[in-house]
Amino acid sequence: MRVRYRVVVERREGIVVASGTLTGSHASLMPIWLIPDSTLRLKNGRRIDISITDLVGDIAEFESTGLFSPT
């Protein structure tokens, strides 16, 4: 499924975490919201392990779940 995304990368308590939003159809995002862990593949080919924390309409919020290396 293709989505638009916005990713914010920040350092919290000595670790790097990513969070952001996914925009797509509610029907497509709903099954991902129900799965505890998913992978977001960025257009540059990098991958982020995520968990969707909220879904309202066609916008989902997520947080990274695994180790994230910004480089």
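The values are calculated or read from the model by the stated rules, or taken from the named source; none is laboratory data. In this text, all values refer to a predicted model and were calculated from it rather than measured experimentally. Here the Cβ is made from the backbone with ideal geometry for all residues, glycine too, and neighbour counts use every protein chain on show.
Only residues that are among the aromatic types (Phe, Trp, Tyr) and outside any helix (DSSP H, G or I): list them for segment 29-66, please. Can you show your working first?
Of the residues in segment 29-66, the ones among the aromatic types (Phe, Trp, Tyr) are 33, 62.
Answer for segment 29-66, where residues must be among the aromatic types (Phe, Trp, Tyr) and outside any helix (DSSP H, G or I): just 62.
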What residue, among those in segment 9-21 that are over 15 Å from the mean Cα position of the chain (by Cα) and either over 13 Å from residue 65 (Cβ atoms) or buried (at least 16 other Cβ atoms within 10 Å of the Cβ) (or both), is modelled with the highest pLDDT? 11
For segment 22-58, enumerate the residues that are of a type outside the set (Gly, Ala, Ser), under 14 Å from residue 6 (Cα atoms) and buried (at least 16 other Cβ atoms within 10 Å of the Cβ). 22, 40, 48, 50, 52
I'm trying to understand the selection: among the residues of segment 27-71, which are closer than 17 Å to residue 15 by Cβ, over 10 Å from the mean Cα position of the chain (by Cα) and of a type outside the set (Ser, Thr, Tyr)? 66, 67, 68, 70
